[in-house]
Amino acid sequence: MDLLFIAVAILGVLLLLIGFVGCILPALPGPPFAFLSLLLLKFVEPSIFTTKFLVIIGLVTIAVYFLDYLLPIWGAKMYKASKKGIWFSVIGMIIGMFFFPPFGMILGLLFGAILGELISGNTKREAVKIGIVSFVFSLLAILIKIILTGVMAFYFAEAVVGYFI
């Protein structure tokens, strides 16, 4: 059983590393990879985490996954972005993700919001302000993903060390 646990722990560390990279790179969903590391430990050692704990962490992971996409849009709406600004930010985010990885999603959102606001007739100053707000809320989403992944890494490390003590 120890060899299986060690193999799963190594795989879990790799999943956590992918998770942290995925917090920054938009193409990878970071926290879900980190969550998989916890599930793997539960699979090989059922008493390591409670089901309630995993359900809560899983629901938080799902919520953060969606927040990653919604926070920049909510930020733009809070600062009275036009519908075109919001739509262009979403379009820019999608285009940026595919054509300019790894940071194209965030930059596409920024430039898309600015372009949409300029098309809507806002001043350059107002358009840039809304674009920057969208950008800042994207960074906030990244920070939330990093924190969640860090929490899961902590519980993972605690469980692995606790298994051998």
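General remarks:
- Residues that are of a type outside the set (D, E, K, R), under 25 Å from the mean Cα position of the chain (by Cα) and under 22 Å from Ile24 (Cα atoms) do occur in the range 113-123.
- Within the range 73-85, residues that are free of Cβ contacts under 8 Å to residues at least 40 places away in the same chain sit with their Cβ atoms under 6 Å from residues that are among the polar types (S, T, N, Q), at 6+ positions apart or across chains, in these pairs: Lys84/Ser120.
Values in this text are rule-based calculations from the coordinates and carry no lab data. Note that the coordinates shown come from a computational prediction; the quantities given were computed from them, not determined experimentally. As a convention, Cβ positions derive from the backbone with ideal geometry for all residues, glycine included, and neighbour counts pool all protein chains shown.
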